[in-house]
Structure formats: structure tokens, C-alpha cells
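Written out below as C-alpha cells is the structure these notes cover.
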Amino acid sequence: MHLADGIRSAFSSILSHKLRSALTITGIVIGVLAVVSMFSSVYALKKLISSSMADMGWNHSLDIYPGSTMRYGRSDASANSRQRTIQNIQPLSLDDYLALKEQLSYKIIHASVESGNILRVGNEDNMVSIKATENSFFAAKKYELSNGSYFSKLQEDGAHPVAILGYKFADEYFPKQNPIGQTLVLGQHRFRIIGILESERKKTGAAVVSFNSWQRDNDLKAVYVPLKYGAYYLVPNKAIHHIYLQAHNEKEFTAMKAKARQLLLARHNMYPNFSFMDVGDFFLQINKEIDAQMKKWNITLSAIASISLLVGGVGLFSTLLISIQERMTEIGMRKSIGATEQDIFFYFIMESLCLALLGALLGLGIAWLLIISVSQALEFSMVLPWQGAALGLGFSLLIGFISGLYPALKASNTDPIKAIFYHD
């Protein structure tokens, strides 16, 4: 029997018993739906975690802080010589940052100067966090504005006394009013307010996994001023408290890190009075651990969901056995006009496989509609993972073949004379 004839005969039999066929494939539909939904949920969770880490700037990134990582033992140079060396070394400065910014290849770079000052409200003094930085900081952290504007190039280069307020700062000290254009007095410094960062709740929506909520909470309580203003007027010697670097990919990250170290050592007379916090390696380790755990969850959840497919296979097996009893005369007639045992076997095994295929495709369709509905409800992008679809489809066909194997063998070995004159 040709493949096309076998498929045509199988679908003819399936369509002639629509209700029975629908009930038979119900277990397979539920099993495929469960398998694909499990894969999709695990994949979506992994994607959510990875995107949250990327939002934090953990991928292929490097933090540079002032402070020596060198340790001296008793066998090193004398204390006087060492002290003279240290006196000739300057901490990280705005000039160091500008040199890195000019000579390195990077995706994102920004620096910050952190300070505190007094905000007087009525008769009460409040300590306020001031962060001097650049617009690239807001881009890296994905902080958007609810009102106003970011620093202009003129304001950054000219160290203008302008400020962008965190959402929580504005909400606390400027309730029910628009502070844009007003003057903010912090100690001896006076800033013109030009922008307000947007609330995290408004920006990110429902589907959020945040690993650094405490840091973002502090960021939204701070006041931001241009980096050059902070380096010149908030700290001595144009000091920089933190430099952040992010590469385009893992390969460029290694080269970027090595060149940054060489540049800083050359500028600091080969004295490493700075520290590297390799956030990129930390991110890769976490990502590998997440991948390992997600694979375990995929195996566990898929095994649980596959029970439904096994139940569907049992239903398919029993249905085909019953079908043989009903179609004994058909089997006898087919054999009497020349159908071989291989033809009868192929006919019944194709029917089993077609039923399993229909159940798998229907399960995939329902899973796709479910994923779209959940994505719209949670405002988070979920996809139909090909691994789950392939597993559901492949396992369904395997169940269909195994379930139809014995009924097909039984039908093919039936004596044609007994089949023609068979009475239930």
C-alpha cells in the first residue's frame, strides 16, 4: 500500500467516526498542551531572569572602583620608598574616565560621583543623596523620564548646576506639584530642576523580576547632576567614585578589561590603586546555574506532563482494538481482493499515527492560543518553544506507533475467511 493511500484510508476511517476519534485524541491533546505549556513557562521564566539581569547591566560588564588591590609583605621595598610611591599616585579622576572613554571599545560607559548634602524643609534638615553622572547611566539602567529632559551636551560639558530628580524624591519633597524649572537648594549648591525619573511601577508593568530592588529604590530617591559638575564642585581633585564598562559581547569584554587595566596602570605609574569588580564573570556563572536548574525543571515537568500522553496512548490502544472487532468484515474483504498482511498492518498503523498527529497538532494549536492569551494578560512576551513542540509532537507519534502496533499486528494476522463471516 502506498503512503498516500494509507493516509487517505486512515483519514477516511477517522472522519467516519468523528465523535470516537475526538474522544480518542483528547488525552493526547491534553498531554501535548501540558508539555508545551511547561516548556513555555520555564523558557519565559529564564528569559525574564536574563532580561532583568541585562537591565541591571550584569552581562559583559565591569565595575572599576578607587582603592588599591596591592598587598605588601615584609620582603617588599622599604616603608619610606613605598610611602613616596603612594604619594605620587592620584586616585581615579575625571581625566582617567575621559581617557578610558576615548581609547576603549565599549557598548556602554559611564562614571559617577556620589555625595550627600543637606536639604532644609521648614525647620528640618534632611540628608539627600547626590549622584553626578551622565545620560548613559540612565540608558544603562533603563531609567526613563516622566517629565522634563535629560542633560544636554552643553550642560554636561559646561558643568551647569542642573538636576534630575528621582521619582521618589520628587514625590516626597514636591508632592502634588511640578518641580520642573524650580530651584533646589542643597547646602551651598543651587540646582535648576530639569527632569524627573519615571516610577518603576509605571515603566515596567506587571511581569517584573528585580534582583536589585534596593539599589533601584535608592536611585529613585536621589538627585542627579552632571558628572563634570560633581567632579569639580562636590569632591576634591576631580575624583571619580565609580566607572562602569559594558562590552558588546563576551569576546570583546576580555579585550576591553585588559586594555582598561593597562591604561589605568600607565596613568597611575604602574600602581594599581583601583579595583575591578568583574560583574561579567559573575553574570555568566549565574546564567550557567540558571540554565542547569531550568534543564532539571524541564525534565521533571515534562515527565509529569507526559503522563497525560501515556493515558492518551492507552485510550488510543483500546479504541483501535475495539475498531478491529467492528471492522472484521472490512479486513476480510480487503484480504480477499489482494491486500497482504503488510498492507493491513500499514493501514491500521497509519490510522494510529494519524490520530496521534491530529491530537498533537490540536494540542500545539491550543497551547499557542493559551500562550498568546497569557502574554497579553501579563504584558510579557512568551513564545512557543520549539523544544517543547518537538518533544510533544515526537512523543505523540511514538505513543501512536506503540499503541497501534499490537492492534495492527492482530488485524494483519486475521484469517480472511473467518473475518468475512465474523459475527460479534
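One table, with the values for the structure above:
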| quantity | calculated |
| --- | --- |
| Lysines whose Cα lies under 22 Å from that of Lys410, excluding same-chain neighbours fewer than 8 positions away | Lys335, Lys418 |
| Separation of the Ser318 and Glu172 label points, Cα + 7 Å toward Cβ, nm | 6.7 nm |
| Eligible lysines near Lys142 by straight Cα distance, threshold 23 Å, same-chain separation 8 or greater | Lys46, Lys47, Lys101, Lys107, Lys131, Lys153, Lys168, Lys202, Lys203, Lys221, Lys228 |
| Derived scalar couplings ³J(HN,Hα) [segment 129-143; Karplus, 6.51 cos²θ - 1.76 cosθ + 1.60; whole Hz; x for Gly, Pro] | 7, 10, 10, 9, 7, 10, 5, 5, 5, 5, 5, 5, 7, 6, 8 |
| Likely footprinting exposure, Phe191, Phe348, Phe174, fewest C-beta neighbours within 10 Å first | Phe174, Phe191, Phe348 |
| Full-stretch length increase - Tyr232, Ala390 - with 0.36 nm per residue and alpha-carbon distance subtracted | 50.8 nm |
| Sites Leu19 and Ile366, calculated FRET efficiency, Cβ-Cβ separation with R0 22 Å, nearest 0.05 | 0.70 |
| Fully extended contour minus Cα-Cα distance, from Gln215 to Ile402, at 0.36 nm per residue | 61.7 nm |
| Cβ-Cβ FRET estimate between Val121 and Leu145, R0 fixed at 30 Å, reported to 0.05 | 0.80 |
| Virtual spin-label span in nm between Arg190 and Tyr271, 7 Å along Cα→Cβ | 4.1 nm |
| In nm, spacing of pseudo-spin labels at Ser129 and Ile180 (7 Å Cα→C-beta vector) | 2.5 nm |
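Laboratory data are not the source of any read-out in this text; all were calculated from the coordinates shown. Predicted model, so just to flag it, every value in this text is computed and none were measured. Heads up, the Cβs are rebuilt from the backbone with ideal geometry, glycines too, and the neighbour counts pull from every protein chain shown.
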